[in-house]
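Quick notes on the structure that follows.
The values are calculated or read from the model by the stated rules, or taken from the named source; none is laboratory data. The structure presented is a predicted model; accordingly, all values stated were derived computationally and were not measured. Methodologically, a virtual Cβ is constructed for each residue, glycine included, from the backbone with ideal geometry; neighbour enumeration extends over all protein chains shown. For the accessible areas, the whole protein counts, side chains as well, though only heavy atoms, and no ligand, DNA or RNA atoms are used. Shrake-Rupley method; radii C 1.70, N 1.55, O 1.52, S 1.80 Å.
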Amino acid sequence: MAEILNRTFPRAQVNPRMGYLFFSTFVGSFVLFQFNFFWKKHLIPPGIYRRAKLGLLNFLLIVLLSILLSGILRIIFDLEYSRAFFLVFLFRHLGILIVCLLVVYAYEASERAKLDQRKLDELAHEKTHTELAVLKSQLDPHFLFNTLNSLSGLIRNDSGEAIRFVGMLSDCFRYTLENRNSVLVELNEELEFLKAYLYVMQIRFGSGLSVEVDVQPSDLCKKLPQFAIQLLVENALKHNVISVKKPLKIRVFQNKNEIIVSNVLQKKEKIGGGYGIGLANLKKRYKLLGYDSVRITIEKNSFCVSILLI
């Protein structure tokens, strides 16, 4: 090898060739870093084979750079041993690529960590906002007035049922205050809360409200954002007419990996003020979790919202 180098690089020509080697190293490094930091975003669309495509393009890129730069070196300095120079450039660019990929990985990991932290902070904010909104709705004077009226009637007519009513109301408040550090809750917990909430509403509306719940027992351990189902039911109660003559029918059922809340559409003419956070908040919470999975279907006589089980 030493003999080949001595014949190839006479002492008088070492400096210009060394300068070219430094220049070619800079060019190779620049191209590889530019490709892996910026160009790949435009050349390789997201998908399941993205990493394989990225690896293949990087390999083709270092081969192309090695052929081009070793060829220029051989032409400029009228050298032989083109295969040996190609291998030198190839292994050098391979080393540069490894360093480049390590730097890119560290940078992208750092950016993902920052983005995840921002999402967690925003999600925590939205969760707190949701909890406060639910508490406000439960402490709303109109809600409390109707609840106390219902309780008063039960105390006069059925003290045992009144005790159960107070217990269910207590469960509603307890669930609202619990799970403060949890982004998601199990479906089973949400349905238990819904059961207590619907009991209170059923006492208030009587036969004017009909709710059917049908989910798979095997999926009760799956998770979803806290209050997700209750907020959809509350939305139906808030925006529709409820009476004995015109009962409101609500269905909470499962379709594969989705929970669907459906109600008969019988809109109120005017809706007063309230503390409902609406569907926009629920959509935002799912998006912060990485899912764009809240689907709304409005038909002539029904309103349906589908949410994903995680």
Under Stokes-Einstein, region 183-295 at 37 °C and 0.692 mPa s, with its Kirkwood radius over C-alpha pairs, diffuses with a coefficient in µm²/s of 220
At q = 0.14, 0.21, 0.27 Å⁻¹, base-10 log of I(q)/I(0) for region 162-244 (Debye sum, equal scatterers on each alpha carbon): -0.52, -1.07, -1.38
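With every protein chain kept in the model, how would you rank Phe26, Phe193 by accessible area, 1.4 Å probe, largest at the top?
Ranked list, largest accessible area first: Phe26, Phe193.
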A correct Karplus calculation of ³J(HN,Hα) over region 256-266, with 6.51 cos²θ - 1.76 cosθ + 1.60, θ = phi - 60°, whole Hz and x for Gly and Pro, returns 6, 9, 10, 9, 10, 10, 10, 9, 5, 8, 9
Given Cβ point charges of +1 (Lys, Arg) and -1 (Asp, Glu) and nothing else, what value in debye, to the nearest 20, does the dipole of region 208-309 about its Cα centre take? 300
Calculate one ³J(HN,Hα) per residue across region 30-36 by plugging θ = phi - 60° into the Karplus curve 6.51 cos²θ - 1.76 cosθ + 1.60, and present them in order as whole Hz with x for glycine and proline. 4, 5, 5, 5, 4, 5, 7
Sort 35-42, 224-231, 184-191 for me by packing, meaning the mean count of neighbouring Cβ atoms within 10 Å per residue, highest on top. 224-231, 184-191, 35-42
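Per residue, what volume in Å³ does the Cα convex hull of region 22-80 take up?
73
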Once amide H atoms are placed 1.01 Å from N in the peptide plane, what residues at a sequence separation of 5 or more from Val213, or on another chain, have their amide H within under 5 Å of its amide H? Val252
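When the solvent-accessible surface of protein heavy atoms is calculated with a 1.4 angstrom probe, in what order do Met201, Met168, Met18 fall, highest first?
On the way: Met201 5, Met168 25, Met18 90 Å².
From most exposed to least exposed: Met18, Met168, Met201.
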For Lys119, solvent-accessible area (1.4 Å; no DNA, RNA or ligand), Å²: 70
Label-zone membership for region 188-219, site Glu161, 7 angstrom Cα→C-beta point, backbone N under 16 Å: 198-210
Pull up all non-local amide H partners of Ser302: gap of 5 or more, or a different chain, and H-to-H distance under 5 Å with H placed in the peptide plane. Leu265
Any residue on another chain or 5+ positions along whose placed amide H is under 5 Å from the amide H of Phe227 is listed here as none
Along region 299-310, Karplus-curve 3J(HN,Hα) (6.51, -1.76, 1.60; θ = phi - 60°) to the nearest Hz, with x for Gly and Pro, reads 10, 4, 10, 8, 10, 10, 10, 10, 10, 8, 8, 9
Per-residue accessible area for Phe59 at 1.4 Å probe radius, Å² rounded to 10? 120
